[in-house]
Amino acid sequence: MAMVPDGSTDVMLSARGVVKSYWKGRNEVPVLQGADLDLERGEMLAIMGASGSGKSTLLHILGLLDEPDSGEVHLAGERIDALADRRRDALRNRAFGFIFQFYHLLPELSALENVLVPQWIRHGPISYWSHRARLRREAQDLLERVGLGHRMTHRPAELSGGEMQRAAIARALAADPIVLLADEPTGNLDATSGQGVLDLLRDLNRERGLTMIVVTHDPNIAQQADRVVRLAEGRVEEWSPALA
Amino acid sequence: MYKYLLCWRYLRTRYIALASVISVMLGVATMIVVNSVMAGFAEKMRDRLHGILADVVVESYTLNGFYEWQEVMARIQAVTGDEIVAMAPTMECPGIIDFRVNGEVWNRPVQIIGIQPKERAKTGDFAEFLIDQRGHQIPPSFDVPDELRPTTTASELLKDFPVDRQNPDDLLIEQELQQEMKDQSPDSGAILGYALATIHQKGMEDIFIAPPGTQVKLLFPRFGQTKAEASLLAATTIGYFKSGMSEYDSTHVYMPLEALQQARWLYDYKRGVGAVNTIQIKVKPGVDLAALSSRIQAALDRMKPRFYQVQTWEQKQGPLLGAVAVEQSILNILLFFIIAVAGFGILAIFSMIVVEKTRDIGILKSLGASTAGIRGIFLGYGLLLGAVGSGVGMAGGLLFVHYINEIEQVLSQITGRKVFDDSIYYFNRIPTIIEPMTVIWIVAGALLIAVLASIWPAQRASRLHPVKALRFD
Ligand SMILES: Nc1ncnc2c1ncn2[C@@H]1O[C@H](COP(=O)(O)OP(=O)(O)OP(=O)(O)O)[C@@H](O)[C@H]1O
Ligand SMILES: [Mg+2]
């Protein structure tokens, strides 16, 4: 697949001098002021930081949902922050898997269909139809893997928060992404189901060597990552939970 | 792929959007019903116009007409060959009819038409429109049946006269009385337009003011050396002409051709031929009437320039047919506005749905959906809604047209008065014609409007910034 970099270096995803500010009327609100970040292949990185420090903004820029004012983003050595729309769409679809705090499942679709959406987007009608059976089976396997085998036909409204987040994880995995970007995946869950979700992510990271970034407020969660960084004053700094 | 699946899913779950297509549906149904009924009426009208007028009509510009009609007909025959089925010479002129109703003299303007009934019947549906008082069809003839002859001194005498068949004197007297009776009562029968002879009041049976046997006097211009003079002719009402076109039924009076020619002093007794001012021509089916009539016109112009006017029945009725066409197109424009209004409904509801779906749009974009893809979802959704609306509307409209007479009956029973008063239109069923092209145009128009109405919301949806969309709630 020529569109997706194969990642021959060990740094999977990196940000260099990323600057981003928002405009509130005439006032510039600086959020990121030269953030640098390197994410190694197979690494599980936790990002912490005060509320409003720009964690989500950084994650969006890394995952091509937003553009930096200046600075660069590289995926497996290839610069990806200034690509044409088509390439950005393709990378979002195949290279990145997003997980959000509020699950963001499509309410009209069942859990299984939600997991299929990335494949629907990737394939044209004919190609989808000809691979329908395989794609469905893969989606079912993913749901089984996240422990939702018995909830495939349920709508999001009929699932609990933890189940919704598991479905969202299955969806993020559906396109077999290079990097998983999770923005406070446990932020809306009670401690038990939050830990369940984190265990799942941790297992996936171990099993599949999946590279992932987890944004979190919770030091307990951050502790379980391979490495923790902190966002403060628009920059990324190494941080060890032991120091807290 | 997701475009189709999602807009299909939205269609099945967003009932509010279906509300917006109800107006599309009603608009499409109404347009189909109105067009079918109007086409039906127009066709009926054309039928009738065509029944009264032959395919092609040759007229002289002057009312006095021409004597050499046999040459003219021969000429026409020569230039058209076997494309012509029949021809009938007639004499038409405006006049006044008067007759007595309850001892008072009533009069009205009329168009007096002298015809050879058998010939005229061959050139159109004329004979089918001739009826008696009870509405039964009568043969095309002007013979006055004896029972309709008015009583005169001679007829009274004849009734009481004891005829001895053995006595030649008696037979002679009887013969003379019969002759006198004929002289005293007008010899010619007249067929009056139905609306001329009756009074129509809504909801009541038509009242005959000129029942069969009524003596009518016709006043009309006759030939004069220096100027036109008035001439008078009496006739006995023997039947009625009911074509369903009130314009004709309220003015036409049919007379024997020769009687009219003689009364108008347009009869050459020496040669035994009278003048006519119109020749009705029936043409074989499938022949291009307009081309044929211009060929005849050219030939007759060579005979006598600026004297004859040749027109097809459609050209002759141009203004009336044109008026119907204008009426239909104006109605169509107005009705199309209904669908346009429905389009704005779709626009409003779609804009609402886009707002409601903002977060889902952000999600789809985060999963790799392209701008064009998001636009496609909403355009496809609009098309789908339009298709549902116009599909259901089309089915409803066609069903309505199919059962229109049953519906009319039910409505009449519920409201207690006739919705479709057949005595006004003279036909007992509402005529309808479904033209497939019209239906296709209406449905295509509705689809187009639905898509046009969804362009703007779709465009807005596709331009949403993914992060802003995701943060939206
Ligand atoms: N569209 C916007 N316009 C103006 N300011 C914005 C916009 N989006 C984000 N911001 C500001 O940017 C800053 C960083 O936002 P961001 O969501 O990245 O923070 P965060 O670290 O994810 O916070 P939290 O932990 O609460 O999720 C905040 O101060 C926020 O107010
Ligand atoms: Mg955040």
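For the range B:356-375, the set of residues classified as open to solvent by 20 Å² or more (accessible area, probe 1.4 Å) and more than 8 Å from chain A (Cβ to nearest Cβ) consists of B:Glu356, B:Ala372, B:Arg375, listed by residue number.
Of the helices (runs of 4 or more DSSP H) that lie entirely inside the range B:97-191, those containing 1 or more residues that are touching a residue at least 40 places away in the same chain (Cβ under 8 Å) span B:117-122.
Examine the range B:117-136 for a residue that is open to solvent by 10 Å² or more (accessible area, probe 1.4 Å), in contact with a helix residue (DSSP H, G or I) (Cβ under 8 Å, 6 or more places away or on another chain), in the same structural domain as B:Thr214 (by TED's automatic domain parsing) and of a type in the set (Val, Ile, Thr), and state whether such a residue exists. There is at least one residue in the range B:117-136 that is open to solvent by 10 Å² or more (accessible area, probe 1.4 Å), in contact with a helix residue (DSSP H, G or I) (Cβ under 8 Å, 6 or more places away or on another chain), in the same structural domain as B:Thr214 (by TED's automatic domain parsing) and of a type in the set (Val, Ile, Thr). Collect the residues in the range A:132-154 that are within 14 Å of another protein chain (Cβ to nearest Cβ) and within 18 Å of B:Leu367 (Cβ to Cβ), keeping them in residue-number order. The answer is A:Leu135, A:Arg136, A:Ala139. For beta carbons closer than 6 Å, sequence separation of 6+ or different chains, a first residue in the range A:166-186 that is on the phi > 0 side of the Ramachandran plot and in contact (Cβ under 8 Å) with a residue 12 or more places away in the chain and a second that is more than 16 Å from ligand 1 (Cβ to nearest atom) and open to solvent by less than 10 Å² (accessible area, probe 1.4 Å), there are no qualifying pairs. Considering (1) buried (at least 22 other Cβ atoms within 10 Å of the Cβ); (2) away from every other protein chain (no Cβ under 12 Å); (3) within 16 Å of ligand 2 (Cβ to nearest atom), the lone condition that A:Leu65 does not fulfil carries the number (2).
This table checks each residue for (1) under 30 Å from B:Leu233 (Cβ atoms); (2) touching a residue at least 60 places away in the same chain (Cβ under 8 Å); (3) open to solvent by 30 Å² or more (accessible area, probe 1.4 Å).
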{"residue": "B:Trp265", "(1), (2), (3)": "yes, no, yes"}
{"residue": "B:Asp288", "(1), (2), (3)": "no, no, yes"}
{"residue": "B:Val326", "(1), (2), (3)": "no, no, yes"}
{"residue": "B:Ser329", "(1), (2), (3)": "no, no, yes"}
{"residue": "B:Ile333", "(1), (2), (3)": "no, no, yes"}
{"residue": "B:Phe336", "(1), (2), (3)": "no, yes, yes"}
{"residue": "B:Leu347", "(1), (2), (3)": "no, yes, yes"}
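Among the candidates B:Ala29, B:Ala17, B:Ala39, the residue that is touching a residue at least 40 places away in the same chain (Cβ under 8 Å) and either within 20 Å of the chain's Cα centre (by Cα) or not assigned by TED's automatic domain parsing to the domain that holds B:Ile407 (or both) is uniquely B:Ala39.
Residues in the range B:249-263 that are hydroxyl-bearing (Ser, Thr, Tyr) and buried (at least 23 other Cβ atoms within 10 Å of the Cβ): B:Tyr254 only. Against the condition under 16 Å from the mean Cα position of the chain (by Cα) and more than 8 Å from every other protein chain (Cβ to nearest Cβ), how does A:Phe98 come out, does it pass? Judged against the criteria, A:Phe98 is not a match.
Sort out for me the helices (runs of 4 or more DSSP H) sitting completely within the range A:93-205 that have 2 or more residues that are small (Gly, Ala, Ser) and within 19 Å of B:Ala369 (Cβ to Cβ). Full working, then the answer.
Details: elements: A:111-122, A:125-130, A:132-145, A:161-174.
Ranges flagged: A:161-174.
The set of residues in the range A:204-235 that are within 15 Å of the chain's Cα centre (by Cα) and within 15 Å of ligand 2 (Cβ to nearest atom) comprises A:Ile213, A:Val214, A:Val215, A:Thr216.
Results for (1) away from ligand 1 (no atom under 14 Å from the Cβ); (2) modelled with pLDDT under 90, shown as yes or no for each residue.
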site: A:Val29; (1), (2): no, yes
site: A:Ser53; (1), (2): no, no
site: A:Thr57; (1), (2): no, no
site: A:Leu64; (1), (2): yes, no
site: A:Glu72; (1), (2): yes, no
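The values are calculated or read from the model by the stated rules, or taken from the named source; none is laboratory data. Everything numeric in this text was worked out from a predicted model, so none of it was measured. Please note: Cβ atoms are built from the backbone with ideal geometry, for glycine as well, and neighbour counts cover all protein chains shown. Side chains are part of the model used for accessible areas, which takes the heavy atoms of the whole protein and leaves out ligands, DNA and RNA. Shrake-Rupley method; radii C 1.70, N 1.55, O 1.52, S 1.80 Å.
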